[in-house]
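Undergrad: Here it is: the structure, laid out below.
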């Protein structure tokens, strides 16, 4: 017998040992569960007898009764959401007798005490976890977020959320550090057990009001259980169910929220120009002083390199183009929920209706209707079924592609809101010199919308034939349908058809079908003070994605948005992407004496996305925790909980569909272009994370969780360029490593706790660092992103303006005083005043007519006063690191004060450090639209000509001038809730109203930041679409403020 | 035991469920080489689509705008496609780093043209293995033609490239070896000659759209096309005046005379077969025509009968300002200077910032092909009989048969420009002669020579038709602005892949054009210095 076989036999023997049932006559356990502080009964607490399938739920009086418990000595456990779980050992059951076991539950005011299920065998109290699991319940989140998953922002440590501003957008979430250079660093997301599909799986479809709780595991040390999709962590969402209601109760709630959206911050728009005017600055004139109409106005003279100031007032009215384009608008959310619980069945139904008009009046709006039904039913004492179903249908108006870009091109003295002769409410081109057309015209004429349908369904069957064995079968289904329609009618104007175009139409239909199914067995046994929990699971995944697109132009008939109306057909595309995966795992948790905790798992995953010679991969985890405060020798009385923990695990990141394949790209017209040289050895990325931590609870008032995690993600999927001689452009290879580390702290404190007044404070903080340590391909730059060993993701590369004399390495020391640092902090050439026998000052540009002239320093000619680009040894603009989006650290502080019938909640979210590249402002510099270019009101010595700003614009190449501080302090959430006293509801009792709540809610209310754009929370969708830490403000829809009022009625 | 049986049953069920799932999934969206060359029809499809791929690497924005701007054919204030970087004065070296914003100007033709060759090589290799399309001669002729014009453009644009054909087994090569541009051009011409041989020995018709040349071409016309490209390549490949002087002009004349009889005009189709160069040359986005590129003053200036252009030439580049000219050439303006000409029209609005250089500003918008929409549908001028006439005229001048060149030059000069005919002495020596000599010196302002007239005629007729010819001619005519790079280096990304050091050309480094000397004639002619 070889070792492997012997090992297998040993495992079987252990299984058999665990499987031996106890044989005895039965007795009864009864008792009452009460709140330890208030002394009132606790209903809906689950009381279970460890090692048996026997359990019961407390009724309104807190009483419970468990019959048919085999005679013996047991541990009885009580769990209830909102309370710290309690257990009592040595409960002796004798045949045909009743044993009493009362419990006093302590309210769980800390996340650390809550029960979690993610990443472990079954329900586990947080205090017994050997790794970190972030948990957030609906009670912790009184302000429903715009996007359901954004609820965790500022409330769970190590979470970075990169939202998009437009209503109905999904969100990118990063847990701790990025795990992939080329692929997504977003975690796996599951809702009621439904693993969201890789495509079309946007969280925008979810209704945040449905959420009961969210659990977050942040890296491979905790997420190994989820295998090759989990290296970036896992977020599990559970929606509300009827199980928490008292038996026999039916509850209905009506909730209506209505309020206003507004832009939180405006960008500064130029209000002056540099066209030639008469002396009184009332009329455009030519060089001879002859008045000119606006259409024929001429620029002030430029002498070669330029010399003109943007300081002339417009003779025509000047408009606030931000106000003309953005418009405070409204949003509302209505919901009706119904829930009921009977002895064997509970169900929860919800209907939601959400409308948001964003901040652009009439455009970019979003509407969603959704329905949910969750049902649990106990078929037999040992057999139960849970069903979850959700369907959402939404429509979003898509903005014209370049709408924010068009906007920044608009001159201040044109009226965007005047009507167009073609009947459109906004003129197409209000400016004869306009480069871009009026974005309001485009938005008004283009019919561009996306309809989405989303179904999430889960069916779970649990069979518990014995107390130590539970079998479970799960099937979940995620179906996403997307239909996008674009229609620009014949005769309407566009950039290429200023007099009216031939008409365009495009339609795109996509669907994603994701099915996940699993069967599992959970074995639970107790041997004295040692308990074992083991789960074996086998699972499969099937996901089918399909896209079909068709379009055309030259419409035969006006007003017909039908594909057959296009006489010239194009954009015919279809794509199929199918994914298949299988997996098995076994996980075992061992707990001894409630203080020594061990956990281990092995998982083997196969996937069609892996190369044909690398189909299967194995992941695993070992974890341990030691609850020192449970030791008899523990000397600190006030520290009631103290746990050291360690976990080390592996998880994977999959290639995308087609990465492993040799592909020729079929282009429009049937052209074949060699694209990707296949790779049958392509492996998933592999993350190994080690987490250390300590958890403690002191004075029963403060909980502290401190963690340090270090991840190494090897086998990075990298597109390696190939020599042109081979014909193929590139090949996906496992060719890199990224290393990250994170410190996290979560502190929760119950500062006040009296029957009339409670005050809870929460602090989460994290500091993350990462970098690429191995990159087996030439370094490369795509726009501002740079990928190279030694660099983190989110780093910015581009040009650099000299700022310090030490950078003047190209001139002798004796001539460095020919350069000065101006009031912008930039080093500029000023030359030497031969009359005064001293270098000019940078402030003498106007007084000595130096602007526009050249100065020669050490034989090199420079434009006076202009910033100097750093250059490399070849004389080309040097490409250097100019910024870094990665924050120094984040923290979030939440406060919840309950006083009588009022609840006040606020969340302040802070990012310290981290920069934003303001590409929007850079483009504004191109056409002198930024208010920073206006020279009115400046002292003469500080005035700068328009061409100075052209130098700063730098031809739209990335340059450090536009790297801005991105740190912020944001009042992200604020809510005041008032529970209407029962006495005021007396008149409404006849309507069945049992409770009423009024709330005032604000989101993104106030931001303190040095960032000059609309909002510092931006995401680089161009070159870092998968990387939430990279922040480039590139004409993004800004995050906006909402203030709403809510009324909630309970029946 | 029942429980154990349940566990075992469950394990078996789980294993069955997961084990039965097939983890091999085909990619139905993109073919691989086997699919692309496995059937005769597929092989023919690979060849039939090669011209579309080639077109994108020659007539689309990259490298079209970089080379057109460098040749001072068009000028523009936008930085896109590397055009402004390549044409700013003083001229800068090409930035050959993979991080350069506009490196697509060299990477696009480099990878694209090699990709065309690779596709065609696969097709020919498949045919050699016995996967033969029904019309084998047609397939082989077009394949060789496509190999030839792809290798040809690689040789024209780059200092070196890969000269692989279907006989090279890439699976046996670890690091592919580059060949100098003259070797690559020899390969190209050899391949075009093979196309001529096959086309001359067979009879076939190449269908029109959607594939092939997007216009019907007979075997005889394919031979004409191959001869035309050989003529273009032979005169275009030299990087300097000496090299152009050394061309076998008799051979050029032979190929040009055997060249096309009608213009090659593939039919454009939106998003399938577009012409980014002409689209942007003619672009009018809102109200300002030709807002991307204008006729460079060096292109239209020689026709000016006033001193506006000459004054502009005599002004340092940094302080040059656009001007309005007056000319008899009706291609530039109508009866009065404000009227539209046949190819250009006066428009004084300029959207380009002065900081980009006032010397690039021009008042002449390009209207020959319409105003921004004609690129989408219809025939696109690609290779013209006029170009062959001009090649023949240059060859005849260089072969001391200038008198025979005169009527060739006058064809378009008289019909399109409504200019008086040139003689062997050049244009009539009269006020308003077109062209005039413009470079500073004793002859500045005088009427040009026949050589000047040929160069002017070819430039004005080719503007907006082919984006590359003006640049290839300019380096052989020595009319590039000093320090313009005369070819691209192998792109930095490729060099890094090959683990070779980066290098570049232009800006006074190796591979920089000398000071322009446009009026010097290759042979003795009247009015030549």
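Undergrad: Report the label-to-label distance for residue B:307 and residue A:1050 in nanometres (one decimal), using points 7 Å from each Cα along the Cα→Cβ vector.
TA: The answer from the label model is 9.5 nm.
Undergrad: Looking only at chain B, where both bridge partners belong to it, what percent of the DSSP beta bridges are antiparallel (to the nearest 5)?
TA: Counting DSSP beta bridges with both partners in chain B, the antiparallel share is about 95 percent.
Undergrad: Let me ask something additional. Which of the peptides A:666-672, A:228-234, B:447-453 is most tightly packed, and how do the rest follow, going by the mean number of other Cβ atoms within 10 Å of each residue?
TA: A:228-234, B:447-453, A:666-672
Undergrad: Sorting A:497, B:438, B:153 on the 10 Å Cβ count, fewest up front, what's the list?
TA: A:497, B:438, B:153
Undergrad: On alpha-carbon atoms, Rg over Rh for region A:782-822 using Kirkwood Rh?
TA: Ratio value, two decimals: 1.19.
Undergrad: Run through the DSSP bridge list for region A:122-262 and note the antiparallel percent, rounded to the nearest 5.
TA: Roughly 80 percent of the DSSP beta bridges within region A:122-262 come out antiparallel.
Undergrad: Could you put A:435, A:697, A:1043 in order, starting from the residue whose Cβ has the fewest other Cβ atoms within 10 Å?
TA: A:1043, A:435, A:697
Undergrad: Using every Cα-Cα pair within region A:356-463, state what percent have a distance larger than 22 Å.
TA: It works out to 54 percent of all Cα pairs.
Undergrad: Say R0 is 22 Å: what FRET efficiency, to the nearest 0.05, do residue B:319 and residue B:482 get from their beta-carbon distance?
TA: Approximately 0.75, to the nearest 0.05.
Undergrad: Which angle between 0 and 90 degrees, to the nearest 10, do you get for helix A:3-19 versus the longest principal axis of chain A when only C-alpha atoms count?
TA: 60
Undergrad: Any chance you could tell me what percent of the C-alpha pair distances in the protein assembly as shown go past 68 Å?
TA: 20
Undergrad: Residue A:837 to residue A:254: extension gain in nm, 0.36 nm per residue of separation minus the Cα-Cα distance?
TA: 201.7 nm
Undergrad: Can you tell me the equivalent ellipsoid semi-axes for region B:418-494? Use √(5λ) from the Cα gyration tensor, largest first, whole Å.
TA: 31, 15, 9
Undergrad: Here's something else I'd like to know. Largest first and in whole Å, what are the equivalent-ellipsoid semi-axes of region A:948-1048 based on the Cα gyration tensor, each being the root of 5 times an eigenvalue?
TA: Working from the Cα gyration tensor, I get semi-axes of 47, 13, 10 Å.
Undergrad: Please compute, for peptide B:348-360, the average count of beta-carbon atoms on other protein chains lying within 10 Å of each residue's beta-carbon.
TA: Counting other chains' Cβ atoms within 10 Å and averaging over B:348-360 gives 5.
Undergrad: Please report the Cα spread of region A:933-991 along all three principal axes, rounded to whole Å, starting with the longest.
TA: Sorted largest first, the three principal extents are 75, 29, 20 Å.
Undergrad: Starting from 0.36 nm per residue, how many nanometres of slack lie between residue A:402 and residue A:483 once their C-alpha separation is accounted for?
TA: Roughly 27.1 nm would be gained on extension.
Undergrad: A follow-up question, please. Under the definition of Cα pairs under 8 Å and six or more residues apart, what whole-number percent is the relative contact order of chain A?
TA: Taking the mean separation of contacting Cα pairs over the length of chain A, I get 11 percent.
Undergrad: Sort A:984, A:390 so the one with the fewest other Cβ atoms within 10 Å of its own Cβ comes first.
TA: A:984, A:390
Undergrad: What is the spin-label model distance, in nm, from residue B:129 to residue B:520 if the labels are put 7 Å beyond Cα along the C-beta direction?
TA: If labels sit at residue B:129 and residue B:520, their model points lie 5.4 nm apart.
Undergrad: Here is a further query. Per residue of B:96-106, count partner chain C-beta atoms within 10 Å of its C-beta, then hand back the mean as an integer.
TA: For peptide B:96-106, the averaged partner shielding equals 4.
Undergrad: Which FRET efficiency value, to the nearest 0.05, do you get for residue A:590 and residue B:220 by plugging their Cβ-Cβ distance into 1/(1 + (r/R0)^6) with R0 = 60 Å?
TA: So the FRET efficiency works out to roughly 0.10.
Undergrad: If you restrict to DSSP beta bridges whose two residues both lie in chain A, what percentage is antiparallel, to the nearest 5?
TA: Approximately 95 percent, going by the DSSP bridge assignments.
Undergrad: Could you state, as a whole-number percent, how many of the C-alpha pairs of region B:255-363 are farther apart than 19 Å?
TA: 56
Undergrad: Let me confirm one metric for peptide B:27-38, namely the mean number of other chain beta-carbon atoms within 10 Å of its residues' beta-carbons.
TA: 6
Undergrad: Mind checking the full-extension length gain between residue A:637 and residue A:616? Use 0.36 nm per residue of separation minus the Cα-Cα distance, one decimal, nm.
TA: 2.5 nm
Undergrad: Where does chain A land at 222 nm, in deg cm²/dmol rounded to the nearest 500, when only DSSP H runs of n ≥ 4 count, each adding -39500 (n - 2.57), divided by all residues?
TA: Calculated at 222 nm, the ellipticity per residue is -1500 deg cm²/dmol.
Coordinate-derived values only; no laboratory data. This structure is a prediction, so every number in the text was calculated from the model and none was measured. Using ideal geometry, Cβ is built from the backbone for each residue, glycine included, and neighbour counts are taken over all protein chains shown.
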